[in-house]
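Chemist: Here you go, one structure.
The values are calculated or read from the model by the stated rules, or taken from the named source; none is laboratory data. Predicted model, so just to flag it, every value in this text is computed and none were measured. When we count neighbours, we look across all protein chains shown, and the Cβ atoms used for this are built from the backbone with ideal geometry, even at glycine. To get the accessible areas, we keep the full protein, side chains included, count just its heavy atoms, and leave off ligands, DNA and RNA. Shrake-Rupley method; radii C 1.70, N 1.55, O 1.52, S 1.80 Å.
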Amino acid sequence: MLKKLYIIILVISLAVVGVVAFKRINVEAQHKSVEMVLDYDEAKLLAEQSDESLQWWMAFFKSIGFGSVAVKESTIENLIADGQDLEYTVVEELKKDTYWKTRFADDVTAYIENKTDRYDVVLRTPSTDLFKFISEGLSKRYPSEFYTLFEGDVNVVILDGEAEDALYSETGFLVDEDGKNKRTLRSQTDSKLAWIGLGFDPEIIETVQNSGLDVLPRPSNFHRYPENLVEAFADEMDKYGIEPKYFVFQGEEVLGYDLETENLDALYAYMHENDISTGLIESGVQRSQTKQEGLVELTKMLDYDAVRIFPIVGYIQERYQWYGYKGAEEIENTIYRAVTERNIRSVYFRPFKKKDNEILYVTDSDMYKASFDNLQERLAEHHIQLGSASKLQYNEPGVLNLIVIGYGLVVLSIIALNSVIPIRERHQAMLLSVGVLGVTAANLVVPNFAVVLMALGTSILFPVLAAIAILDILKQFLINRQIDKIHGIILKGFTLVIISAAIAMVGGIFIGSILSSSSYLLEMEYFRGVKISQLTPLVLFCVIYIIRFGYGRSVNAIEEDSNYVFDLKRLLNERIKVLHVLIVGAVGIVGIIYIARTGHETSIQPTNIEMIFRNFLEYNFIARPRSKELLLAFPSVMVAVYMASKGWKASIFPMTAVIMIGVTSVVNTFSHLRAPMYLSIARTIYGAGLGALIGVVLVLILNLLVHAAINLRGRHADE
């Protein structure tokens, strides 16, 4: 009766997983347009180093598929960097000049002497147009007590700074006669007021619009006076006829964000009414997004209406002629991976730079054209095209679906436990009841925690199920070994590859369905159990291996009904030898490297040869199989079947340990939720299929060596 109930629950649970997974795949299938955004400031620098004008370069980038130009709202810092005739000084620095009074009119001098403090900022410009631009920008955005204007031959603007605005530079150290550091010399040399928004430069806007590219505005915030910023921004957008599709905010906060009240109502209303999405700039470790105050909450308010953005930062710009390539192939590869594997739909592009050079740009337009023509061809294989940034439709698995999926996980957990340690039906029924009640209550009362717990449990459960299946099958091959021809062994190997890969892939689809809400697909939240899900199955595998194969037993002593409790005791009582310590140490080092390389937050990264090999696979397959699956795990399945068929028991544990690394890797592949599910499925199929073929070659070589050794031993016996 209980078995029938298990079957019913599993069938329903698998059906629900299929529905949820299909819904996610359908959402991802409509997310197929990526926008190339050119950074205005660096495009200008590129033009200055080349023989062509900025207008020419903009038209060129439009011709190779670019859609927009990112234009920052003018700030004091931007204006100075743009070469405007503007002098900017904090009062503390200004007064260090003995003759500072000679540079100002009497009324300005009196004001600075009597009504400013060290934190205030003084701007000077002889340009009437620039003074008008700054004064109008200030009046539309900030209260009159924040700024003071002086019009004359040299126009002056004084901004009211506060202590929190000050920026300091460390100019040196004071040491005593023994060379001991006594004090750090620090001086206020700058101010955060250099970053407040003043409005968009009309000449820059006109230049971009004349090129035929869209303007992607990057507004700035000033958290001390945020009240009028959204309205002023909206007025400018109407003035210039700009209809933003999404925002790439400039600075540390979103537009109009008040640090004290955390109020986002004005910005939310504007974005909601105009169908504007938030822009989530991917962080440097390719996880989550760059932190900006108010961004996460704003995105949630907009029902996760967001676009993931990949910034071409300095070290990527310099990957020109990287890994021995002739051009920008590695930069192209980096963009390709971001778009196809990480749900990136906007690439914030900064032009190529010479290899390992922070200053010099690549000014050969043919290099850009070749890279982006090739990139478009590669993206077309995924049905992705360059255009406007597509938005990921809102997706949610639903609480009821999650509960039903959880019931299936409870049943599978009981089956796994029962296969390792037999449990009476009465106790199984009790476990089932407790599990069903627990899953239901958790999803209704603490849904976020329930989702995390279910995903983590799945990441451990399915590798364990795969371990049980693999060890049981290999054990039968070992006990019931028969004289198989090589093609029979290879056929058994293929069968076990399919079984192990299928179990792991189903587990991955479970995780991909459980964590299929938009917050995970946009990686605003992410699966946090990667390290645990990598290590725990390996530990449990060791226990299951001893229960299945015993410790120190011969092939003839591992019958099904054997009790291995004494084997566990014998293992624990084993005398530790130097060899054991060396083996444990080696395994520990391998384990540390293995775990460290599962993310981007570590200095242990792939070698150049590995990256070139990965690029080769990436270029020739729709999805690059993971190296540990392709080169280690699935070939090891084939070899393990051969060794089991030959009765080589001692080889089973190390071979299956390697297999387990690949099985957990498959499940972990689906835990990278930013990657479309079809890509994870394709990656697993490629890894299993090609890995099995590599395994066939290894088996044939091994078989030849075995026959050669037998023949050689026979000849020596005859002699």
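Chemist: Using 0.36 nm per residue, how much length does the chain from VAL313 to PHE22 gain when fully extended, once their Cα-Cα distance is taken away?
Modeler: Working: separation 291, 0.36 × 291 = 104.76 nm, distance 3.54 nm.
Net length gain for the segment: 101.2 nm.
Chemist: Next up: Using protein chains only and a probe of 1.4 angstrom, how many square angstrom of MET505 are accessible, to the nearest 10?
Modeler: The accessible area of MET505 comes to roughly 40 Å².
Chemist: Additional query: Mark the label point 7 Å from the Cα of ILE609 along Cα→Cβ and return the residues of segment 299-327 whose backbone N is within less than 20 Å of it.
Modeler: Of the residues in segment 299-327, 322-325 have backbone N under 20 Å from the label point off ILE609.
Chemist: Using a 7 Å offset from the Cα along the Cα-to-Cβ direction at both LEU444 and LEU535, what is the distance between the two label points in nm, to one decimal?
Modeler: Placing both labels 7 Å along Cα→Cβ, they lie 3.7 nm apart.
Chemist: I've got another one for you. What is the helix-to-structure angle for 399-420, meaning the angle in degrees between its Cα long axis and the longest Cα principal axis of the chain, kept from 0 to 90 and rounded to the nearest 10?
Modeler: 40 degrees
Chemist: Ok, one more. Can you pull the percent of Cα pairs in segment 622-685 with separation above 15 Å?
Modeler: Values: 1056 of 2016 pairs.
Value for segment 622-685: 52 percent of Cα pairs lie more than 15 Å apart.
Chemist: Can you give the convex hull volume per residue for the Cα atoms of segment 331-422, as a whole number of Å³? Write out the running numbers ahead of the final one.
Modeler: Details: hull volume 18.5 nm³, N = 92.
Once divided by residue count, the hull of segment 331-422 is 201 Å³.
Chemist: Now for a separate question. Please give the per residue volume of the convex hull enclosing the alpha carbon atoms of the chain, rounded to a whole number of Å³.
Modeler: Details: hull volume 172.6 nm³, N = 719.
Per-residue hull volume (Cα only) is 240 Å³.
Chemist: Starting from the Cα-Cα distance between LEU14 and SER144, subtract it from 0.36 nm times their residue separation and give me the gain in nm to one decimal. Kindly include the intermediate steps, with their values, before the conclusion.
Modeler: On the way: separation 130, 0.36 × 130 = 46.80 nm, distance 6.45 nm.
Computed gain between LEU14 and SER144 is 40.3 nm.
Chemist: Moving on. Counting DSSP beta bridges in the chain, what percent are antiparallel, to the nearest 5? Write out the running numbers ahead of the final one.
Modeler: Details: 24 of 49 bridges.
Beta bridges within the chain, antiparallel portion: roughly 50 percent.
Chemist: If I take R0 = 35 Å and measure r between the Cβ atoms of VAL706 and ALA657 in this structure, what FRET efficiency does the formula 1/(1 + (r/R0)^6) give, to the nearest 0.05? If you can, show how the numbers build up before the last one.
Modeler: Details: r = 22 Å, r/R0 = 0.64.
About 0.95, to the nearest 0.05.
Chemist: Hey, another quick one. Give me the dipole magnitude in Debye, nearest 20, for the chain about the Cα centre, with unit charges on the beta carbon: positive for Lys and Arg, negative for Asp and Glu. Please list the in-between numbers first.
Modeler: Details: 68 positive and 87 negative charges, 1256 e Å.
Once rounded to the nearest 20, the dipole reads 6040 debye.
Chemist: What's the extension gain from VAL420 to GLU151 if we count 0.36 nm per residue and subtract their Cα-Cα distance? Before the final figure, lay out each step's value.
Modeler: On the way: separation 269, 0.36 × 269 = 96.84 nm, distance 8.59 nm.
Separation in residues times 0.36 nm, less the Cα-Cα distance, equals 88.3 nm.
Chemist: Roughly what % of Cα-Cα distances in segment 639-719 sit above 17 Å, to the whole percent? Before the final figure, lay out the partial values.
Modeler: Details: 1999 of 3240 pairs.
Counting every Cα pair in segment 639-719, those more than 17 Å apart make up 62 percent.
Chemist: In nm², what is the average projected area of the convex hull enclosing the Cα atoms of segment 239-376? Intermediate results must be reported in sequence, preceding the final value.
Modeler: Details: hull surface 42.1 nm².
For segment 239-376, the mean projected area of the Cα convex hull comes to 10.5 nm².
Chemist: First measure r as the distance between the Cβ atoms of LEU2 and SER169, then evaluate 1/(1 + (r/R0)^6) with R0 = 60 Å and state the FRET efficiency to the nearest 0.05.
Modeler: Values: r = 73 Å, r/R0 = 1.22.
It comes to 0.25.
Chemist: Run lengths n ≥ 4 of DSSP H only: what is the helix-derived mean residue ellipticity at 222 nm for the chain, with -39500 (n - 2.57) per run over all residues, to the nearest 500? Write out the running numbers ahead of the final one.
Modeler: On the way: 26 runs with 395 residues, N = 719.
Using -39500 (n - 2.57) per qualifying helix, the result is -18000 deg cm²/dmol.
Chemist: Once label points are set 7 Å from the Cα along Cα→Cβ at both GLU177 and LYS291, what is their separation, rounded to one decimal in nm?
Modeler: In this crude spin-label approximation the distance works out to 4.6 nm.
Chemist: Now a separate question. Residue-wise, which Karplus ³J(HN,Hα) couplings in Hz belong to segment 137-152, taking 6.51 cos²θ - 1.76 cosθ + 1.60, θ = phi - 60°, and x for glycine or proline?
Modeler: x, 5, 5, 7, 10, 10, x, 5, 6, 7, 9, 9, 10, 10, 9, x
Chemist: Give the angle, between 0 and 90 degrees and rounded to the nearest 10, that separates the Cα long axis of helix 229-240 from the longest principal axis of the Cα atoms of the chain.
Modeler: Its long axis makes an angle of about 80 degrees.
Chemist: If R0 is 30 Å, what FRET efficiency do you get for GLU262 and ASN357 from their C-beta distance, rounded to 0.05?
Modeler: 0.10
Chemist: Continuing with the same structure: For helix 634-645, report the angle its Cα long axis makes with the longest principal axis of the Cα atoms of the chain; keep it between 0 and 90° and round to the nearest 10°.
Modeler: 10 degrees
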